[in-house]
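Heads up, the thing below is written out as structure tokens.
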Amino acid sequence: MAEVAEAHVGLGDPRLDEAIAALRAGRIGNGVMRTRLQQLTDELDEVAWDLQDRVKSGSAANEEYMKAFARARAVSAAWFALDPDPVKAAVEATYEAQAAINDLALIRREISSVISS
């Protein structure tokens with residue numbers, strides 16, 4: 001789910017790229033990597049909150065806010081996916097990926113693909 005979310009938002013941050021590579025390699029629970037992702041999520045959340053305020057004041061488009069929100073949620077999906085508890089990782093990463101992508105049908109297809117393989 002984290003990889004799907006990252007592909008959808010196209011963030012291109014090396015911290016997220018490193019986390020996706022670790023997930024592909026089956027390396028989870030990395031505290032340093034998770035700390036970096038939490039910092040990136042916090043940075044992106046700040047951007048999103050600022051844009052949300054600007055949308056309310058009429059100085060930014062809602063689409064800008066939604067893109068920023070999606071980026072933060074995609075990074076959060078990777079943070080959760082690295083959790084050492086596989087159930088928590090799967091459930092929370094899927095939740096965050098859905099928030100980033102906002103396409104439940106795509107999420108269902110991805111889950112079905114993973115389950116069938």
Checklist line | Residue-by-residue Karplus 3J(HN,Hα) for the stretch 83-89, coefficients 6.51, -1.76, 1.60, Hz, glycine and proline x | finding: 4, x, 7, x, 5, 4, 4
Next item on the list: Using +1 at the Cβ of each Lys and Arg and -1 at the Cβ of each Asp and Glu in the chain, identify which of 115, 62, 28 lies farthest towards the dipole's positive end.
Entry: 115
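Per DSSP H run of at least 4 residues, take -39500 (n - 2.57); add these up for the chain, divide by its residues and hand me the 222 nm value, nearest 500 deg cm²/dmol.
It lands at -27000 deg cm²/dmol.
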Check: Between residue 109 and residue 7, how many nm apart are label points set 7 Å from Cα along the C-beta direction?
Finding: 1.0
Check: In nm, to one decimal, how far is the modelled label at residue 25 from the one at residue 60, with both set 7 Å along Cα→Cβ?
Finding: 3.5
Notebook entry, point to check: Going by average Cβ neighbours within 10 Å, how do the peptides 75-84, 98-107 rank, with the highest at the top?
Noted result: 75-84, 98-107
Check: To the nearest 20 debye, what is the magnitude of the charge dipole of the chain about its Cα centre, counting +1 on the Cβ of each Lys and Arg and -1 on the Cβ of each Asp and Glu?
Finding: 280
Next item on the list: Which order do the peptides 56-69, 1-14 take when ranked by the mean count of other beta-carbon atoms within 10 Å per residue, highest first?
Entry: 1-14, 56-69
Checklist line | Translational diffusion coefficient (Stokes-Einstein; Kirkwood radius from C-alpha pairs) of the stretch 2-116 at 37 °C, 0.692 mPa s, in µm²/s | finding: 229
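Read-outs throughout are calculated quantities, based only on the coordinates presented, and are distinct from any laboratory measurement. Only a predicted model underlies this, so the values are computations on that prediction, with no experimental measurement involved. For neighbour counting, all protein chains shown are included, and Cβ atoms are generated from backbone atoms with ideal geometry for every residue, glycine included.
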